[in-house]
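Written out below as structure tokens is the structure these notes cover.
Values in this text are rule-based calculations from the coordinates and carry no lab data. All of these numbers come straight from a predicted model, not from anything done at the bench. Cβ coordinates were reconstructed from backbone atoms using ideal geometry, including for glycine residues, and neighbour counts include every protein chain displayed.
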Amino acid sequence: MVDLFEILIGKEGDKDYQKKPVIVQGITGKFGAFHTQQMLAYGTNIVAGVTPGKGGQKLEGVPIYETMNEAASATGAKISIIFVPAKFFLSAAVDALEAGVKLLIAIPEHVPIKDALTVVELAKKKDAIVIGPNTPGIIIPGIMKIGIMPASPFKPGRIAVISRSGTLMYETSHNLSVANFGQSICLGIGGDPINGTPLIQAFDIIRNGANIDGIIVVGEIGGDAEEMLAQHIIDTKFDKPVVAYIAGRAAPKEKRMGHAGAIVYGNYGSAESKVSMYAKANVPVAKRPAEVSMLLAGKLGKGRIK
Amino acid sequence: MRLLEYQAKSLFAEYGIPIPKGITSTDIEQGRKDASVLGFPFVIKAQMAVGGRGKAGAIQKCQNADEFELKYPDIMQKVVKGEKTRAILLEKMADIKKELYLSLFLNRGKRCFTIIASAEGGVEIESVKNQIIHEVGLGNVDAKTAEDVGKQMGLKDKPLTQFIDILQKLAKITIEKEAELAEINPLAILGDESVVALDGKVIIDDNAMFRHDELRKFQEISELEERAEKSGFSLVELDGNIAVVGNGAGLVMSTLDMLSDNGGKPACFLDVGGGATTETVYEALTLISKMKKVKGILVNLYGGIVKTTTVATAFIKAYEDKVLDLPVFARMSGAEADKSKEMLKGSRTKMFDTIEEAINAAVIEMNKNG
């Protein structure tokens, strides 16, 4: 599989090291325009936007193209972030993958399952990575962000955060930053039942590619991604500290709690099931977001909290 | 959207999956007419979006008119796991020889659809033994696959032929109606060797509903839920007295957990979406003010990009417009927190630096009022 970090930041010595070009699909929408400006301000190298009917115009100095093909061949960009409404996501994602995009950040919420599965299948064929849908994106603090997260919660460091929830990723990272645990990368896998990059894959990408002292996994009820990850941690004997959080312990069964993926059927997807699997993998689970940094400090065995 | 049994069965009928003869009503007068059309004996089945109806007495056999007069009203007012009866299905009794289990569901871990089948159905899926599990990609099931599954279940002759047909039709429903789950439990082999769907559970992908106007007729949505949906909010109503509001599903779930840990009783889960503006928060407060059981509001907003003063403005406006007459316990992180506190001084909204403090204050206040 393609290497996320190579696409995202490249290798030292690359002339565009840490400045890889990024295309914004749906750049002229209110949301897309706002976050384009925010990403540029953070240092992300946004080189093109795509909005059909607005080709030839510019936004924040970024040239706009009619199609993904034009944008990709004009810039050579292999990264794209999608801001279109959910019902247009499938065609935007297919355009991006057909145009040679290798890393696709899928922001839209409410993407139908069938469309997400179709994109996952195509991405496999094209050897591309999809993050999302329904993700806040990726941030490498201090270097770049491709997503909708605010900049303020994050600071550079050696802890990785993987999250199924946007605001909880901000909240947890903020708490980590305050406790002096900076982050090497924070990645939202998305709150939908189908993830372009499932939890286990995200975990492996980060453990193999980033300089880290530990990993925080922010999860929630629904599905069995946390259970599978816990088994994976056991099977692969991952020996760096992992601390988890799971939202939704108090949620009623068979009710969708905001995220399309946050629903419990019977014991399938329940918080108890996840907590007990994590216990087997020796992964402590915080009771509240603010507890994560304390558990991490305990795991690292040194009082880094000032 | 979870379809009720009779709604799922109407889809089955549309696609040619055999179902028993049945009629659905919502009051006893219509029920009596249905009974005379159908003829005794039959089964009275509560239509509610929850499992375990049989054990709870929400499905009962009915032999004659006297029983009908007792059982129909009894089943009409049943509540199982918080779910009320929404309609009543009267259905002819079947001469069951064997009960099978069959479903197609979205396998989240494997990221594909998966068949689960068993020759030992009629119990809840967790207890179904000897499950035959088969992954089928985007959901298409060809005749060969269907036959393999049927044979693995030990079916042969007429039941096998019928099973193959039913499985393929169930797959067609799953694909065409964009279901996350399509389950027949039990799928019964009758005395005459015919195979019939005695129950049906279908869950449609809510996010695909924009492509399925034909399913809108099945959607039962409260006025509040409808209004929330229009504003782009997610709302789940709960039993307690403290409304929980925030931006982001994860953050609101987390707040709900912490409130419950501290002995508070959530009245609802309301996610106003990732951003928070004066308008969205004002609309959220308006919605909550319409829920009679709510005695206080707990707000947890992660600011980040949004200035907290934007949100404070919404509270002040809601009190001024008399939309809101409840105490609010709010935690807002982000820019200009001090200024927001100053703005809200003297109002019924108390601002806290941490969510833990806001929750403590909310729980104490609610206990004070009994």
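For the reader, a short list of remarks on this structure follows.
- Relative contact order %, chain B, counting alpha carbon pairs below 8 Å whose residues are six or more apart: 12
- The calculated FRET efficiency for the pair B:Glu279 and B:Arg86, based on their C-beta separation and a Förster distance of 41 Å, comes to about 0.75.
- Considering only B:Val311, A:Gln38, B:Ala361, the residue lying farthest towards the positive end of the dipole of the protein assembly as shown is B:Ala361, judged by Cα position with unit charges set on Cβ.
- Calculated FRET value between B:Glu229 and B:Lys293, using beta carbons and R₀ = 22 Å, to 0.05: 0.60
- Protection proxy ranking for A:79-86, A:245-252, using the average of other Cβ atoms within 10 Å per residue and placing the highest first: A:245-252, A:79-86.
- Dipole magnitude for region A:1-92: computed about the Cα centre from +1 point charges on Lys and Arg Cβ and -1 point charges on Asp and Glu Cβ, it is near 260 debye.
- Neighbours of B:Gly82 by Cβ distance under 12 Å: Lys/Arg scored +1, Asp/Glu scored -1, total +1.
- Net +/- balance of residues flanking B:Ile204 in space, Cβ distance below 10 Å, scoring K and R +1, D and E -1: -2
- Dipole orientation for the protein assembly as shown: of the candidates A:Met294, A:Val111, A:Gln25, A:Met294 has the Cα lying most toward the positive pole (charges on Cβ; Lys, Arg +1; Asp, Glu -1).
- With contacts taken as Cα pairs under 8 Å and at least 6 residues apart, region A:152-300 reaches a relative contact order of 25 percent.
- Which listed pairs, of B:Lys9/B:Lys177; A:Lys274/B:Lys9; A:Lys253/B:Lys265, have C-alpha distances above 23 Å, in listed order: A:Lys274/B:Lys9
- Shielding of peptide A:168-178 by partners, expressed as the average count of other chain Cβ atoms within 10 Å per residue Cβ, is 3.
- The length gained on full extension between B:Glu29 and B:Lys217, counted as 0.36 nm times the residue separation minus their Cα-Cα distance, comes to 65.4 nm.
- Distance between the C-alpha centres of region A:1-49 and region A:263-285: 36 Å, rounded to the whole angstrom.
- In order along region A:144-151, phi translates into HN-Hα couplings of 6, 9, 10, x, 10, 6, x, 7 Hz, rounded to whole numbers, per the Karplus curve 6.51 cos²θ - 1.76 cosθ + 1.60 with θ = phi - 60° and x for Gly and Pro.
- Region A:11-99, relative contact order in percent, only Cα pairs under 8 angstrom and at least six apart counted: 31
- Taken about its Cα centre, the protein assembly as shown carries a charge dipole of about 1280 debye when Lys and Arg each add +1 at the Cβ and Asp and Glu each add -1 at the Cβ.
- Amide H contacts under 5 Å for B:Glu180: B:Ile203, B:Ile204, B:Asp205, restricted to partners 5 or more places along the chain or on a different chain, H placed in the peptide plane at 1.01 Å from N.
- The distance between label points at A:Ala41 and A:Met294 comes to 3.4 nm (points 7 Å beyond Cα on the Cα→Cβ vector).
- Nearest-0.05 FRET efficiency for B:Lys97 and B:Gln77, computed from C-beta distance (R0 35 Å): 0.55
- Ordering of A:169-179, B:93-103 by packing [mean C-beta count within 10 Å, highest first]: A:169-179, B:93-103
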